[in-house]
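Working notes, structure below.
The values are calculated or read from the model by the stated rules, or taken from the named source; none is laboratory data. Quantities reported herein were computed from a predicted structural model and do not represent experimental measurements. With ideal geometry, Cβ positions are generated from the backbone for all residues, glycine too; neighbour counts draw on all protein chains shown. Note: accessible area is taken over every heavy atom of the protein model, side chains too, but ligands, DNA and RNA are not part of it. Shrake-Rupley method; radii C 1.70, N 1.55, O 1.52, S 1.80 Å.
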Amino acid sequence: MNIFKKIGLFNKVSKAVNEIQKEIKSNSETAEKIKQIIDDVIKILNDIKAVIPAIDKIVEDIIEIIKKYFK
């Protein structure tokens with residue numbers, strides 16, 4: 001992936017994070033659903049990490065990012 005695609009992907013992810021954070025703050029029912037989904041995603045990432053130990057560090061980094069912005 002070239003640098004321009006990486007920057008574009010980062011921008012898309014940043015916009016999505018902002019939209020999710022707005023939705024969490026404005027709607028408690030949606031917030032609970034999103035929190036449950038995020039917990040499920042973290043569980044899945046931990047399951048993947050258990051199966052493929054070589055990606056342990058990157059999965060931990062992803063989980064920390066998720067926890068920082070969504071919990």
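When you check Lys43 against the structure, is it open to solvent by 90 Å² or more (accessible area, probe 1.4 Å), out of contact with any Ser or Thr (no Cβ under 7 Å at 6 or more places or on another chain), modelled with pLDDT of 90 or more and within 17 Å of Tyr69 (Cβ to Cβ), yes or no? It is false that Lys43 is open to solvent by 90 Å² or more (accessible area, probe 1.4 Å), out of contact with any Ser or Thr (no Cβ under 7 Å at 6 or more places or on another chain), modelled with pLDDT of 90 or more and within 17 Å of Tyr69 (Cβ to Cβ).
Condition (residue is in contact (Cβ under 8 Å) with a residue 24 or more places away in the chain, assigned to a helix (DSSP H, G or I) and within 15 Å of the chain's Cα centre (by Cα)) applied to region 43-65: is it met by at least one residue? Taking every residue of region 43-65 in turn, none turns out to be in contact (Cβ under 8 Å) with a residue 24 or more places away in the chain, assigned to a helix (DSSP H, G or I) and within 15 Å of the chain's Cα centre (by Cα).
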